Each structure stands twice: as C-alpha cells, then as structure tokens.
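The values are calculated or read from the model by the stated rules, or taken from the named source; none is laboratory data. Since the model is a prediction, treat every value here as computed from it, not as a measurement. Cβ sites come from the backbone with ideal geometry, for glycine too, and all protein chains shown count toward neighbours. Each accessible area value is taken on the protein alone, full model and side chains, heavy atoms only, with ligands, DNA and RNA left out. Shrake-Rupley method; radii C 1.70, N 1.55, O 1.52, S 1.80 Å.
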Amino acid sequence: MRLPPWTGADGKPCYLSTDDSDSLLSRLADDIEAAQLSSAEQVLTGARAVLHDPKAGERAVRFALTRTMESLGDVLRIAVSRGGDNR
C-alpha cells in the first residue's frame, strides 16, 4: 500500500495498492512527489533569504512561513508514504 501525494474526494487519505512500481498511477505519484520535493527546496531557499533580510516585513515573513508549512506538509506526507512514520 502506498500513500500517494493526493487525497480522496472527501479530503481523506487514499491509498494506492499495486505491485507494479511502473504503473501509470505509481509513475504519476513519483512525478508529483519529485515536483513537491523540488518546490520544497525552492521554498526553503526563499524562506532563508527572508529570515536573513533585516528589512523583511511581517507580510514577507508570514508568506514565507505559510509556504514553508505547506512544503513541510508535502515532505512529511512523502516520508510517511515511503515508510518513514516511526511514531
């Protein structure tokens, strides 16, 4: 079972059940995860720049934090889908 990087129609987690890692849905999930990880790297770079800018205002900091939270959620979902949930 794999937790793909999308939810069901009701917003709840959905699971992909396949033994074929080369299936269309598995490849789609891989592509979306790669894009999310790349985006997270860019968001982190931007957030660091904002935090290191003493002239950055509240609006810039809030925007950077909001994007960072979204990216962290994506990265955590990817980690869980790959067996990284050790709670």
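List of remarks:
- Packing-based ranking of 19-27, 71-79 yields 71-79, 19-27, ordered from highest to lowest mean Cβ neighbour count within 10 Å.
- Positive contributions from Lys and Arg (+1) and negative ones from Asp and Glu (-1), summed over other residues with Cβ under 15 Å from the Cβ of Ser21, come out at -3.
- Prolate/oblate/rounded label for the chain (Cα gyration tensor, a/c 1.5): prolate
- Surface composition of the chain: carbon and sulfur atoms hold 56% of the protein heavy-atom accessible area at a 1.4 Å probe.
- Residue among Ala64, Ile32, His52 farthest towards the positive dipole end of the chain, charges placed on Cβ: His52
- Chain lengthening between Cys14 and Ser39 when straightened (0.36 nm per residue, less Cα-Cα): 6.7 nm
- Taking all protein chains into account, the per residue accessible area for the chain stands at 76 Å² (1.4 Å probe).
- Per-residue [θ]222 nm for the chain (sum of -39500 (n - 2.57) over DSSP H runs n ≥ 4, rounded to 500): -21500 deg cm²/dmol
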